[in-house]
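Here the structure comes first, spelled out in structure tokens, and everything after it is commentary.
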Amino acid sequence: MPAIAPERILRDLANLWASLAHPEQGDVSSQGVLRACSMTLIVAAENASDAVCASETLAALMHEHPSRAIVLQPGPPGSEMDAHVRAQCWMPFGSRQQICCEQIEITAGMDRLNDIPPVMYGLLAPDLPSVLWSRGTAWWEAPAFVDLVNMMDKLILDSRRYEGSSGLARIRSLRSRGKRVADLAWASVTPWRELIAHALEIPANRDRLASTCSIRVAGREGESPVPALYVAAWLKRSLRDVAVEIERDNPGPGEVSRVMLTGDGWEISFRRTESEAVDLNAGGSIRTVVLSPMDECTVMREELSITGRDPVFDEVFPIAERMAAQ
Amino acid sequence: MAPASLLHDPLRFERRVPPCAIVIFGANGDLTKRKLLPALYRLAYERRIPPGFAIIGNSRTQMSDDDFREKMRESVAQFLEDSPFDAELWRGFAQSLYYVPGDINDAAMFDRISRCLAEVEAANQTGGNVLFYLSTQPSYYAAVVNGIGRAELARGKGWRRIIIEKPFGRDLSSAAALNQQIHAVFDENQVYRIDHYLGKETVQNILAFRFGNGIFEPVWNRRYVNNIQITAAESIGVEGRGGYYQEAGALRDMIQNHLLQVTATIAMEPPALFDPEAVRDERAKLLRSIRIMKHEEVPQYAVAGQYGPAQIGGKKIPGFREEPGVDPDSQTDTYAAVAFFVDNWRWAGVPFYVRSGKRMPKRVTDIAIRFNSAPLSLFPGDSEDGDGPASRPNLLILRIQPEEGISLRFLSKYPGRGMRLRPVSMDFNYGASFGARSPTAYETLLLDAMSGDATLYTRQDMVEASWRAVQPILDVWAETKFKFPNYEAGSWGPREADDMLARNGHRWRTP
């Protein structure tokens, strides 16, 4: 039997909503709160400080992806399982009614992680999608992790948190079980891909594309190689017969530093100059483009907005994995 | 597939809007200040319009670029909805605002616009893409279109499109004439007739609701639906626009355009694919299926109303005829209710009751689909003409404003002894499932026009079909001397509208 029962947590949630619905006496301006929920989002945090970071991201995410958030935090071995509930609220601009989401925080000793899945079964918001956001490796060896994954519709992890490209092997293993797995490293390169796709849409550049001889993608030394691998694999998907090289640049801003497409007598390059600025050079004409910053909240927001299959990632991932193995 | 198209990722990439210039005629008017500029500013705030974007305003008022920028800054700060005003962002945005003063009947003014466009094209790399926006009084539409044509601005290096605000004519013949004038300069695929109701998120959601779910479509027909009621009520009066409104009236101002487009969205057949022409073909087909009334049938199927004075909440509310700028003997309809019938296999015999009015008890727009009652009354006190549960049939309500959402009313057992049934409501509220701010209709529609997506714009055949549907009513009402006012401000309209439904055994619901 789990040390805490889902019924108790659900009762605490009911009490929480009741208290929010009856604000302090004398607060005549209040119009109550709107309870918002479009999914269950379970966060498997690495530790206590990571859980705090995750909560900050959840607060920002709820504006677009309101959820029943459940933050799982591993505690010291031997510690009892404990649960608290709270609400994350915000007031939309110009509105007099707060929108609130519920958050459940569950702590369990590392040796008690296996007690968590049975509690989770009772806490999933009925009939809504469920997503597991795994923020590190702490959970991966626990059998409980497999149980958690099995009850989810989608799993989100970030291969940039793992050594080299080892995260890709973990993603493959989960994908091979038929799970829908997303990688935040893939979402992090969306602005790069968008910039390249738009630049290559311009008729003069588009005509050159068919005669591309080589592609070089450079990542930064000291950063995860996966984002550069994904950009390279994505280009390879479109230009199958073209040789793609992955290089490493000196440390600097960003994970991807450079992308160059070369053909017979022409070159199109994208070179990061500052943290979000990229110089696009097509035939000597240079313009600077500012990329949207892709912080954790932005990449999560992008991933959560994709509820079904992601056909482009499904095709790019095996190519990236093959490239990583070379 | 070409390599470049393989690079597309529609799931993750923002829809691409090409750089362009927007030329707004009537740039000193209310629509520009209240809706267009706030929408464009908000799109810039969200980085949804490209950097090479420019707005060229035109009106008769003499102003410099800087005067225009300052005027628009005040308007955006005042009328921006659901968003804070960012002075820093405005400074950048304002740099793309230009102003060309002049009369639209003056050919030289169009030459000046042409020169301004050439400068903007060189400076902003717009590629010659131009979107014209007619935000003037409707009587100037033809003059503007002719001016554009004479200055050879309707064709150019990039694409050229024109957005035209409603009303598209005053009746069927003037709409056809206007279309002819527009087509002398623009091809139909360049013309974007805006009906901002179609840009509302909740109206767009009707398509998602109907064609994205499997459970509703099987009951979406004459076998299960008893009648459909579409209500667009305003609690306010004419708010200083009495002069304009006197020429329009509720039938022209709301029903002929907004509410018939909503009707078409509710009743159309599923399109073969979600593509602008396929969706518009189905809407047009539905509008063409609306039964055209004979003149002698009009009194039976259409009711005109005009509000009179009333005391509401201790405040004296003037009647329409007492409003400034309104003829004391005005015959204008501030309320109109029409029973439309759609002559196709899906809807034959199902009345679509459409009503719109000013000075109603509250501001509300919704669509109520009333289903047939259960075929057999099992429970005590249950009969369709009584006060029992059968007189409370299942209702599906699509709420467009102000509380966007969907409700389903059904019967449930009242707790306790006996089998007493009570209607209950199962509610979906947009805000509760999607915390995100919904774009305004103008944000959606402007972005669509810049991207070349005409799905939410009306086409010539749709406009003419909807005029054809109301033309007999306009003809008969023009010849009728009404005993106005016939409803009190703050009520749900004239008794004749209740009688119209009662003749079919129906009654208006209270939104």
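Overview of results
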read-out: Selection count, the range A:292-326, where residues are outside any helix (DSSP H, G or I) and within 11 Å of chain B (Cβ to nearest Cβ); value: 7
read-out: Per-region count, the range B:267-281, residues surrounded by fewer than 17 Cβ atoms within 10 Å (Cβ to Cβ) and either of a type in the set (S, T, Y) or out of contact with any helix residue (DSSP H, G or I) (no Cβ under 6 Å at 6 or more places or on another chain) (or both); value: 5
read-out: Number of positions in the range B:6-22 that are more than 25 Å from A:A210 (Cβ to Cβ) and without any contact (Cβ under 8 Å) to a residue 60 or more places away in the chain; value: 2
read-out: Within the range B:1-104, helices (runs of 4 or more DSSP H) holding 2 or more residues that are surrounded by fewer than 16 Cβ atoms within 10 Å (Cβ to Cβ); value: B:65-79, B:87-94
read-out: Among residues of the range A:266-291, those that are surrounded by fewer than 16 Cβ atoms within 10 Å (Cβ to Cβ) and in a loop (DSSP other than H, G, I, E, B), counted; value: 6
read-out: Matching option when the condition is farther than 27 Å from B:I406 by Cα, surrounded by 20 or more Cβ atoms within 10 Å (Cβ to Cβ) and modelled with pLDDT of 95 or more, among B:G305, B:G357; value: B:G305
read-out: Residue match in the range B:323-334 (condition: under 24 Å from B:G493 (Cβ atoms), assigned to a strand (DSSP E or B) and either at pLDDT 95 or above or not small (G, A, S) (or both)); value: no
read-out: Single residue of the range A:22-38 satisfying the filter (small (G, A, S) and either modelled with pLDDT of 90 or more or closer than 22 Å to B:N429 by Cβ (or both)) that is nearest to the chain's Cα centre (by Cα); value: A:S38
read-out: Members of the range A:221-243 found to be modelled with pLDDT of 90 or more, surrounded by 18 or more Cβ atoms within 10 Å (Cβ to Cβ) and not in a loop (DSSP other than H, G, I, E, B), listed by number; value: A:V226, A:P227, A:A228, A:L229, A:Y230, A:V231, A:A232, A:A233, A:W234, A:L235, A:K236
read-out: Leading residue by the ranking (farthest from the chain's Cα centre (by Cα)) among those in the range B:187-234 that are among the acidic types (D, E) and under 22 Å from B:I162 (Cα atoms); value: B:D187
read-out: Single residue of A:E201, A:E267 found to be acidic (D, E) and away from chain B (no Cβ under 14 Å); value: A:E267
read-out: Among the candidates A:E64, A:E102, residue that is within 17 Å of B:N429 (Cβ to Cβ), within 14 Å of chain B (Cβ to nearest Cβ), under 18 Å from the mean Cα position of the chain (by Cα) and among the acidic types (D, E); value: A:E64
read-out: When residues of the range A:82-96 are limited to those that are under 21 Å from A:N15 (Cα atoms) and not small (G, A, S), the one nearest to the other protein chains (Cβ to nearest Cβ); value: A:W90
read-out: Residues satisfying the stated conditions in the range B:191-211, i.e. of a type in the set (A, V, I, L, M) and either touching a Leu at 6+ places or on another chain (Cβ under 8 Å) or in a helix (DSSP H, G or I) (or both); value: B:I194, B:L198, B:V203, B:I206, B:L207, B:A208
read-out: Residue selected from the range B:413-431 under the condition of a type in the set (G, A, S) and either under 23 Å from B:I230 (Cα atoms) or in contact with a Lys or Arg (Cβ under 6 Å, 6 or more places away or on another chain) (or both), by the criterion nearest to the other protein chains (Cβ to nearest Cβ); value: B:G431
read-out: Residue check, A:L41 within 14 Å of another protein chain (Cβ to nearest Cβ), at pLDDT 95 or above and not in a helix (DSSP H, G or I); value: yes
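Matching residues to (1) within 14 Å of chain A (Cβ to nearest Cβ); (2) farther than 27 Å from B:P84 by Cβ; (3) not basic (K, R):
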site: B:I22; (1), (2), (3): no, no, yes
site: B:G29; (1), (2), (3): no, no, yes
site: B:R34; (1), (2), (3): no, no, no
site: B:Y45; (1), (2), (3): yes, no, yes
site: B:F53; (1), (2), (3): no, no, yes
site: B:G57; (1), (2), (3): no, no, yes
site: B:R60; (1), (2), (3): no, yes, no
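The values are calculated or read from the model by the stated rules, or taken from the named source; none is laboratory data. Just so we're clear, the structure is a prediction, and the values are computed from it rather than from any experiment. Reconstructed Cβ throughout: ideal geometry from the backbone, glycine too, with neighbour counts over all protein chains shown.
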